[in-house]
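To keep things clear, I will list the structure first and then write my remarks on it.
The values are calculated or read from the model by the stated rules, or taken from the named source; none is laboratory data. Just so it is clear, the model here is predicted, and its values are computed rather than measured. All Cβ positions, glycine included, derive from the backbone under ideal geometry; neighbour counts span all protein chains shown. The accessibility values were calculated without ligands, DNA or RNA, using every heavy atom of the protein model including side chains. Shrake-Rupley method; radii C 1.70, N 1.55, O 1.52, S 1.80 Å.
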Amino acid sequence: MNATQRRRLLLNRAILILSTVAAVIGLVFLFWILTTLLIKGLDSIHWRIFTHDLVEKGLRNLIVGQMILAGVASLIGVPLGLLAGIYLREYGLNSAFARFIRNLSDVMMSAPSIVIGVFIYGILVAPVGGFNGWAGSVALAIMMIPIVVSTTDSMLSLVPQELREAGIALGASKAQVILTIVLKAAKIGLVTGILLAFARVVGETAPLLFTSANNDYFTLNMNQQFPSLTVSIYQLATFPDKPSQDLAWAGSVILTALVLLINLTTRYIFRKRKSK
Amino acid sequence: MNLAMETKEFYFTYAGAEAPTLKGIDMPIYANKVTALIGPSGCGKSTLLRSWNRIHDVYPGNRYEGEILLYDKEGNEENILSYSKEDELIRLRQRVGMIFQKPTPFPMSIYDNIAYGLRLAGIKNRSELDGRVEKALKGAAIWNEVKDRLKQSAMGLSGGQQQRLCIARAVALKPELLLFDEPTSALDPISTGAIEELVTELKEEVTIAIVTHNMQQASRVSDYTAFMYLGDLIEFGKTEKIFVNPKEKLTEEYITGRFG
Ligand SMILES: Nc1ncnc2c1ncn2[C@@H]1O[C@H](COP(=O)(O)OP(=O)(O)OP(=O)(O)O)[C@@H](O)[C@H]1O
Ligand SMILES: [Mg+2]
């Protein structure tokens, strides 16, 4: 073995060791978080927290509220995001306007969520005179839109151009090609993007703090303050008494499990496509 | 002999390009014959073929000049370059079909692939659709392979089968002219043979223009051959004539493989 080969081997080993160490550090923290969560949280999870509301030391209204907030956010954010993404890829392409929108969307993606919350407070809470569920959902929707826009944009760009031309060559209009061929071809990627966007906002606290705030009672009325798991965890965790803190841990476990479940579903869907 | 199409003094300029890619093309396409377009890479074969159904219009800013006349069975002509409304272009594409280099099955069932263009053309009746789908698949010599799996995804077919499916899909619309852009360059020899045989059978019903890089293929399937070079049409004539006794020195050099 000559000197060059030895140096390469050494470098190889050094990089292998460094990246392994980095991966181990990441994993250690992840396991630390998960085990702490499970140890502290699992004990506090009883059947009764699913059947009682926060006012009776349960989480029912919070779980339902969180899903409604994120669900309504999806109803607003997903269609807008999809339409904008379709516009960018199928109509705007590289026009100056499309490039501007694309950049704007990227900037929005990294906007601090608390800023979005304060902004919505300014336009949907202060003017109507109180916290309300709609404001919370709109804030979450604003966080979803750039994610859906960017996944839609990139998933549509993976659809081969020949497929669009083949549709046109059979006498389809551009809109028909998009609706009946392109979206179908990109379907799994689009669903993945939507699920990821949902998973991203379902665990958010900051955009809800000044918008939907919180509610101890069960409600489906989004004109009122609206219950959510994340804001409650934040509040309960600051209480000094053990029952409150236990409830916060239980909420954290449930929230983590929920997000994990969505992520795993997404992976499963994506994997299924690859094996097909 | 009847004309199916006639290209006159035709210039084509891509969006943003300074000089035209096609420079004054004049050539006929005869009805119920196979016309091959040959020439070295980049000479403009695809550009010309794609002008004949105005598929270039998918992208903005391209410029056509000259005339491309499309004849119907009665000999009435229309200049397809005068079309500007979307429904005129849709009608054009129903009359002039296209098969691409890579097979382009849609992500749907085999049946729906064939029915796609038919439904767009307004055929909704179930039994009529069934009949037309079967006829098209038989016409493209793929019926026996797929008749038991019409409801399955077309993505599961082999490359050669997918290409014949695409031909069936185009044939289903009963076009007058079918344009093929190197339809076998992504296929194995057996699938290639099947497609070539198909092209020869199809000309009973439909006029065919085919771009190919394969000289044997051009001489096997075509009745007429057009040789292009750097955006010009150098020579057009009967295939035997072009291959055995070309007028132009350039044609001879290309066919004998001295360049290209
Ligand atoms: N979208 C486009 N914009 C600008 N120029 C283009 C475009 N497409 C093709 N060209 C140019 O036009 C010329 C002709 O291209 P064309 O694809 O028609 O050649 P071809 O004969 O089909 O070649 P090949 O045998 O490689 O398919 C080439 O010089 C090519 O670079
Ligand atoms: Mg070409």
Considering region A:147-171, residues that are β-branched (Val, Ile, Thr) and either within 30 Å of the chain's Cα centre (by Cα) or more than 20 Å from residue B:58 (Cα to Cα) (or both), and then whichever is surrounded by the fewest Cβ atoms within 10 Å (Cβ to Cβ), we arrive at A:159
Helices (runs of 4 or more DSSP H) fully within region B:76-174 counting 2 or more residues that are within 9 Å of another protein chain (Cβ to nearest Cβ): B:86-95, B:110-120, B:159-171
Out of the residues in region B:37-63 that are within 14 Å of chain A (Cβ to nearest Cβ) and in a loop (DSSP other than H, G, I, E, B), state the one that is nearest to residue B:217 (Cα to Cα). B:52
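Just for region A:110-131: of the residues that are among the small types (Gly, Ala, Ser) and within 12 Å of residue A:224 (Cα to Cα), which one is most open to solvent (accessible area, probe 1.4 Å)?
Filtering region A:110-131 for residues that are among the small types (Gly, Ala, Ser) and within 12 Å of residue A:224 (Cα to Cα), the one most open to solvent (accessible area, probe 1.4 Å) comes out as A:129.
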Scan of region A:147-193 for residues that are among the hydroxyl-bearing types (Ser, Thr, Tyr) and within 13 Å of chain B (Cβ to nearest Cβ), ordered by number: A:173, A:180
Given the conditions (1) more than 30 Å from residue B:64 (Cα to Cα); (2) out of contact with any strand residue (DSSP E or B) (no Cβ under 8 Å at 6 or more places or on another chain); (3) of a type in the set (Val, Ile, Thr), and given that residue B:90 satisfies all but one, which numbered condition is not satisfied? (1)
Among the candidates B:212, B:200, B:184, single out the residue that is more than 16 Å from ligand 2 (Cβ to nearest atom) and of a type outside the set (Asp, Glu). B:200
All but one of (1) surrounded by 19 or more Cβ atoms within 10 Å (Cβ to Cβ); (2) more than 12 Å from chain B (Cβ to nearest Cβ); (3) not in a loop (DSSP other than H, G, I, E, B) hold for residue A:196, so report the exception by its number. (1)
Residues B:191, B:222: which one is under 19 Å from the mean Cα position of the chain (by Cα), at pLDDT 95 or above and polar (S, T, N, Q)? B:222
Exactly one of (1) out of contact with any strand residue (DSSP E or B) (no Cβ under 8 Å at 6 or more places or on another chain); (2) under 25 Å from residue A:177 (Cβ atoms); (3) without any contact (Cβ under 8 Å) to a residue 24 or more places away in the chain is unmet by residue B:16. Its number? (3)
Expected output for region B:32-45 (first residue more than 16 Å from ligand 2 (Cβ to nearest atom), partner charged (D, E, K, R), Cβ below 6 Å, 6+ apart or cross-chain) is B:32/B:203; B:33/B:223; B:34/B:203; B:34/B:223
Is it the case that residue A:81 is assigned to a loop (DSSP other than H, G, I, E, B) and open to solvent by less than 100 Å² (accessible area, probe 1.4 Å)? no
Yes/no for residue B:185 being within 27 Å of residue B:239 (Cβ to Cβ) and hydroxyl-bearing (Ser, Thr, Tyr): yes
Report yes if residue A:129 is more than 14 Å from every other protein chain (Cβ to nearest Cβ) and on the phi > 0 side of the Ramachandran plot, otherwise no. yes
Could you figure out which of (1) in contact (Cβ under 8 Å) with a residue 40 or more places away in the chain; (2) open to solvent by less than 80 Å² (accessible area, probe 1.4 Å); (3) over 30 Å from residue B:192 (Cβ atoms) isn't true of residue B:114? (3)
Here the residues within region B:46-67 that are of a type in the set (Ser, Thr, Tyr) and more than 11 Å from ligand 2 (Cβ to nearest atom) are B:51, B:59, B:64
Here the residues within region B:36-57 that are open to solvent by less than 10 Å² (accessible area, probe 1.4 Å) and away from ligand 1 (no atom under 12 Å from the Cβ) are B:36, B:52, B:53
Out of the residues in region B:141-177 that are without any contact (Cβ under 8 Å) to a residue 60 or more places away in the chain and touching a strand residue (DSSP E or B) at 6+ places or on another chain (Cβ under 8 Å), state the one that is most open to solvent (accessible area, probe 1.4 Å). B:151
Pick from region B:178-222 the residues that are of a type in the set (Asp, Glu) and open to solvent by 40 Å² or more (accessible area, probe 1.4 Å): which of them is farthest from residue B:167 (Cα to Cα)? B:188
Taking the conditions exactly as written (within 14 Å of chain A (Cβ to nearest Cβ) and either out of contact with any strand residue (DSSP E or B) (no Cβ under 8 Å at 6 or more places or on another chain) or not polar (S, T, N, Q) (or both)), does residue B:186 satisfy them or not? yes
Of all residues being outside any helix (DSSP H, G or I) and without any contact (Cβ under 8 Å) to a residue 24 or more places away in the chain in region A:112-138, which is farthest from residue A:78 (Cα to Cα)? Just the residue, please. A:129
